[in-house]
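Remarks on the structure that follows.
The values are calculated or read from the model by the stated rules, or taken from the named source; none is laboratory data. Note that the structure is a prediction, hence the values are computed from the model and not measured. Methodologically, a virtual Cβ is constructed for each residue, glycine included, from the backbone with ideal geometry; neighbour enumeration extends over all protein chains shown. Please note that ligands, DNA and RNA were not included when accessible areas were found on the heavy atoms of the full protein model with its side chains. Shrake-Rupley method; radii C 1.70, N 1.55, O 1.52, S 1.80 Å.
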Amino acid sequence: MSAGMDQALEQALSEDKPQAPQIAAALGAARERIFCKFDEGVAVEALIRDSSALIDQVLVPCFRHFIVDDGKRSCSLVAVGGYGRSELLPESDIDLMILLDRKPDRARQQQLSGFLTFLWDIGLEVGHSVRTVRDCVREGKADITVMTTMIESRLMVGNRDLYDRFQQAIAPRKIWSARKFFEGKLEEQHNRHLRFNDTAYNLEPNIKEGPGGLRDIQIIGWVAKRHFGAKSFRELVEHEFITEAEYRLLDQGQRHLWRVRFALHRIAGRREDRLLFDYQKKIAEVFGFVSGENNLAIEQFMQQYYRTIMELERLSEMLLQIFKEEILVTDAQRKLNPINERFNLRNNFIEVAHADVFKQHPPALVELFLLISLNETCEGVTASTIRLVREHLYLVDDDYRSNDTVNHIFMQLMSAPNGMTHQMRRMNSYGFLAAYIPEFAQITGRMQYDLFHAYTVDQHTIFVIRNLRRFALDKHQDEFPFCNLVYSKLEDPRLLYLAALFHDIAKGRDGDHSLLGAEDATRFCVQHKLNRKQTRIVSQLVRDHLLMSVTAQRKDISDPDVVRDFAQRVGSMNMLNYLYLLTVADIRSTNPQLWNNWKDALLKQLYRATKAVIRLGIDHAPDIDEIIQENRDAAFEEMTDLPFSAQQINSVCDRVPGDYFLRHHPLEIKWHVNAILGNPDRSRLVSIRQSTYTRNTKVFIYGDEAAHTFSQVTGTLGALGLGILNAEIFTTRDDKIMDTFIIQDRNNQAVTDPDTIALIEQRLLKALESDSIYKGQYNTRKPRQLKAFDHPTQVRFEQDYLNGRTVMEISAIDMPGLLSVIANVIAEKNINITHAKISTLGEKINDIFYLTTPTGDAISDQAVLDTLASDMVQALEAKKAA
């Protein structure tokens, strides 16, 4: 700490009666000088020591001023927790314990109150406890968190004998033995990790509490201190519990996280441990990252961060395993069962038979993972073997990758009946996967700066494989029974797992990641002796892994031509089965909130329609008129139990255009007809039902045609906090609207509450009485995360002359009330909407609208389209800025 800082504070603190304003000002200036040192590149470990020393410099004289030592009553000021370790970040908690030899009398209470109040007045927010030694023992026994803070204590000022008595009272031989303490911290860590979905790779990770974060490093220190009495990680090297190289990794990782947290505290101006989106971008700039064509600065910064915590997570797992073997396993429990000449099973953990196994037989590096998957009693890998795996990754070179024995073992693992997902995760954690497939190293820890992709690319890839494995297991059949059925028809499931492994492997590279990934997959398949057909299947799956998702969610799959084109790309039932399963697993692994019943129904609809085309033969698929008649006949059969004559039913069906029967399931048509014929005296109808086919909530609206209806409906539903997934807009020959909307609530669930349904019906009926566009206000605030993004609004048109319509695609930042704004712009242009697909991809919307002129034709006038695009962009940008 500089002399200037000492002098300024000493002068403010040296007065007989310290003045809070002067001390606060001097303290603020001293903190700012520490920030300046951070900008100058001073090592962060020096800065956190400076921060701790700065607070010491303030607290010690203040304590002496307010707490009178009368020689009869002992009192000590003790720093605990992170402050006790002298690891104080700018806005971290300042945790203090005031240690007394007896319960405080009124005079002592007044002194303590004056001391703590003064700290508040000078701007220090401290966490404090006032305890006797007996209090410490009682509260430490009852709560391991309290115990943990106390073992990281440091006497600042006061009675040394009293502090020593406290230290002796909480020693391992008195309370919380090393064994019990370790068990307690393991349970605490497990529960903490569960709060973060047991993954370090959340979009907005918690630097302190998340897996691989500072808290995991601290656990190692706490256990080492409790078991060995070690005061630093360096002492673990001396105890031969970690190597010098592991110590360096631990030290470097901790310093990196300190540096990130230091910058985060400075930018936030308060205690903040979450790397929120708006902070990520600023810290990336502070750290000097520069955006490239395919790699944003923020993505580079976060990849460095994720790789750091991944390394720390690996190291933490290994060191805690060492502690477990040392502390928890007794000699009587040490059981050794040979597996083969290279591996043993010790206490249900696999270990090498001797230290030179990998050097003498390099294929054993991959054999290890296969043996774990084949042995159901194996719980994991011993720490010493984990260490040896990491130390021998240098053996994985080009010769190793082309070794027939290694290739054969890896392919055996891809078809292992149990544990494959766990071993893929373990291979990734130990660094073997990135060594064996060098391309995989490039996506390790790679994030994408959006709300759509919730995980890093490597973590997402492992999740896709996990989801595919669940389709194979009977115990998970209740989750996706249709996927389990399709999986049972696969010729070679290994090909599906290989496609999953490579489908995103080229993310972040120049070019189309699907095409580049297909090339990587082809080389891998050839190297692993797959035949030409198998190689082609894997390559095609990687190349087209987005095809089914894009077709189902962004194209009109009720159009037979769309289905026929898709079937032609897919080519066979075998490929359709592979692609369907890969698509479902991929979507589910991208973001926990992305999958819903509507996407499930769309993919099943496309699968079944494509299956029908492939079975008939692509060149022999029925034409559109045949399909319309088939669907109408099927709907008529469903309506035979309705209390209406065939003539009445046909009177409704004859009034709708032919493609109405393409877009609606027979049961939906029955619902519509029943609602209309069952209410002959009502000119406006709103009917809501739960669809058994799509498992969504559907809203049917019937009434007189009006250009503003879509605007009113979308605005009203949006104001109620409801999302629209799809809209089918039809006008009958006698100018009645028959519109169907698929909706969901704020939690992306079906709307099932009777009171809510009644409110929706009431509000929509009132909206249908309006003679203008929707002009209501939205009370929903823009979510915090969306504020970190600023994508430009884009409008693109494509002509579908075959079906007489114009397709408008809008890409923009998502925000409350967006759909209503879009509807208003379209309504003002006297343009009809016949169909709409609403898709939210994280922070962006990607909505598709099928438009026609009032006469039902495609919009061929370019001037009209240019004006529509210009007005749409202007309206949406204005909404974004509001």
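I'd like the full set of residues that are on the phi < 0 side of the Ramachandran plot and open to solvent by 20 Å² or more (accessible area, probe 1.4 Å), limited to the range 282-298.
To start, the set of residues in the range 282-298 that are on the phi < 0 side of the Ramachandran plot comprises 282-287, 289-298.
Scanning the range 282-298 gives 282, 285, 286, 287, 289, 290, 291, 292, 293, 294, 295, 296.
In the range 229-244, which residue that is touching a residue at least 12 places away in the same chain (Cβ under 8 Å) and outside any loop (DSSP other than H, G, I, E, B) is least open to solvent (accessible area, probe 1.4 Å)?
Once the filter is applied, the top-ranked residue is 236.
For the range 472-488, what are the residues that are loosely packed, with under 12 Cβ neighbours inside 10 Å and part of a loop (DSSP other than H, G, I, E, B)?
From the range 472-488, those loosely packed, with under 12 Cβ neighbours inside 10 Å are 474-475, 478, 481, 488; that's our starting set.
Within the range 472-488, 478, 488 qualify.
Here are 340, 347, 375, 407: which of them is at positive phi and not small (Gly, Ala, Ser)?
347
Inspect the range 385-396 for any residue being in contact with a Pro (Cβ under 8 Å, 6 or more places away or on another chain), assigned to a helix (DSSP H, G or I), more than 20 Å from residue 183 (Cβ to Cβ) and at pLDDT 90 or above and give the result as yes or no.
Checked the range 385-396: at least one residue is in contact with a Pro (Cβ under 8 Å, 6 or more places away or on another chain), assigned to a helix (DSSP H, G or I), more than 20 Å from residue 183 (Cβ to Cβ) and at pLDDT 90 or above.
Residues are listed down the side, and each one gets a yes or a no for (1) free of Cβ contacts under 8 Å to residues at least 60 places away in the same chain; (2) open to solvent by less than 40 Å² (accessible area, probe 1.4 Å); (3) polar (S, T, N, Q); (4) over 15 Å from residue 129 (Cβ atoms):
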site	(1), (2), (3), (4)
151	no, yes, no, no
166	no, yes, no, no
171	yes, yes, no, yes
174	yes, no, no, yes
180	yes, no, no, yes
188	yes, no, no, yes
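Taking the range 352-373 on its own, how many of its residues are open to solvent by 10 Å² or more (accessible area, probe 1.4 Å) and over 31 Å from the mean Cα position of the chain (by Cα)?
Within the range 352-373, residues that are open to solvent by 10 Å² or more (accessible area, probe 1.4 Å) and over 31 Å from the mean Cα position of the chain (by Cα) number 12.
Can you tell which of 203, 186 is closer than 30 Å to residue 302 by Cβ and assigned to a loop (DSSP other than H, G, I, E, B)? Reasoning before the result, please.
On the way: 186 fails: assigned to a loop (DSSP other than H, G, I, E, B).
Criteria check complete, one pass: 203.
Determine, yes or no, whether residue 412 is open to solvent by 40 Å² or more (accessible area, probe 1.4 Å), touching a residue at least 40 places away in the same chain (Cβ under 8 Å), under 27 Å from residue 300 (Cβ atoms) and out of contact with any Phe, Trp or Tyr (no Cβ under 9 Å at 6 or more places or on another chain).
Values: open to solvent by 40 Å² or more (accessible area, probe 1.4 Å): yes; touching a residue at least 40 places away in the same chain (Cβ under 8 Å): yes; under 27 Å from residue 300 (Cβ atoms): no; out of contact with any Phe, Trp or Tyr (no Cβ under 9 Å at 6 or more places or on another chain): yes.
No: the conditions fail for residue 412.
Would you confirm, using the coordinates I've provided, whether residue 812 is buried (at least 20 other Cβ atoms within 10 Å of the Cβ), touching a residue at least 60 places away in the same chain (Cβ under 8 Å), within 15 Å of residue 871 (Cβ to Cβ) and out of contact with any Lys or Arg (no Cβ under 8 Å at 6 or more places or on another chain)? Give the derivation first.
On the way: buried (at least 20 other Cβ atoms within 10 Å of the Cβ): yes; touching a residue at least 60 places away in the same chain (Cβ under 8 Å): yes; within 15 Å of residue 871 (Cβ to Cβ): yes; out of contact with any Lys or Arg (no Cβ under 8 Å at 6 or more places or on another chain): no.
Criteria not met by residue 812.
Could you check the range 262-281 and list, in sequence order, the residues that are of a type outside the set (A, V, I, L, M, F, W, C) and either over 17 Å from residue 41 (Cα atoms) or open to solvent by less than 20 Å² (accessible area, probe 1.4 Å) (or both)?
The initial filter retains those residues of the range 262-281 that are of a type outside the set (A, V, I, L, M, F, W, C), namely 265-266, 269-274, 278-281.
Result: 265, 269, 270, 271, 272, 273, 274, 278, 279, 280, 281.
Working only within the range 746-764, note down all residues that are β-branched (Val, Ile, Thr), surrounded by fewer than 17 Cβ atoms within 10 Å (Cβ to Cβ) and part of a loop (DSSP other than H, G, I, E, B).
752
Taking the range 594-617 only, how many residues are in a helix (DSSP H, G or I) and open to solvent by 40 Å² or more (accessible area, probe 1.4 Å)?
First, pick out the residues of the range 594-617 that are in a helix (DSSP H, G or I): 597-616.
Remaining after also requiring open to solvent by 40 Å² or more (accessible area, probe 1.4 Å): 597, 604-605, 608, 611-612, 615-616.
Residues flagged as in a helix (DSSP H, G or I) and open to solvent by 40 Å² or more (accessible area, probe 1.4 Å) within the range 594-617 amount to 8.
Of all the residues that make up the range 826-845, how many are out of contact with any Gly (no Cβ under 9 Å at 6 or more places or on another chain) and either open to solvent by 40 Å² or more (accessible area, probe 1.4 Å) or over 19 Å from residue 559 (Cβ atoms) (or both)?
So the first thing to find is which residues in the range 826-845 are out of contact with any Gly (no Cβ under 9 Å at 6 or more places or on another chain), and the list is 826-831, 833, 835-837, 839, 841-845.
From what's left, either open to solvent by 40 Å² or more (accessible area, probe 1.4 Å) or over 19 Å from residue 559 (Cβ atoms) (or both): 826-831, 841-845.
Looking only at that region, the number is 11.
Filter the range 374-388 down to residues that are open to solvent by 10 Å² or more (accessible area, probe 1.4 Å), touching a strand residue (DSSP E or B) at 6+ places or on another chain (Cβ under 9 Å) and over 21 Å from residue 406 (Cα atoms), then give me how many there are.
Filtering the range 374-388 down to residues open to solvent by 10 Å² or more (accessible area, probe 1.4 Å) leaves 374-379, 384, 387-388.
If we keep only those that are touching a strand residue (DSSP E or B) at 6+ places or on another chain (Cβ under 9 Å) too, we end up with 375, 377-379, 384, 388.
Now drop any that are not over 21 Å from residue 406 (Cα atoms), which leaves 377-379, 384.
The number of residues fulfilling the criteria is 4.
From the set of residues in the range 90-100 that are modelled with pLDDT of 90 or more and out of contact with any Gly (no Cβ under 8 Å at 6 or more places or on another chain), which is surrounded by the most Cβ atoms within 10 Å (Cβ to Cβ)?
Out of the qualifying residues, it is 97.
Inspect all residues belonging to the range 627-640 and state whether any of them is open to solvent by less than 50 Å² (accessible area, probe 1.4 Å), not in a helix (DSSP H, G or I) and not charged (D, E, K, R).
Filtering the range 627-640 down to residues open to solvent by less than 50 Å² (accessible area, probe 1.4 Å) leaves 627-628, 631, 634-635, 639.
With the extra rule that they be not in a helix (DSSP H, G or I), the set shrinks to none.
No, that holds for no residue.
Please go through the range 579-601 and pick out each residue that is touching a residue at least 60 places away in the same chain (Cβ under 8 Å) and closer than 22 Å to residue 750 by Cβ.
Taking the range 579-601 first, the residues touching a residue at least 60 places away in the same chain (Cβ under 8 Å) are 580-582, 584-586, 588-594, 596-598, 600-601.
Passing the criteria: 584, 588, 590, 591, 592, 593, 594, 596, 597, 598, 600, 601.
Which numbered condition trips up residue 140, out of (1) on the phi < 0 side of the Ramachandran plot; (2) open to solvent by 30 Å² or more (accessible area, probe 1.4 Å); (3) in contact (Cβ under 8 Å) with a residue 12 or more places away in the chain?
(2)
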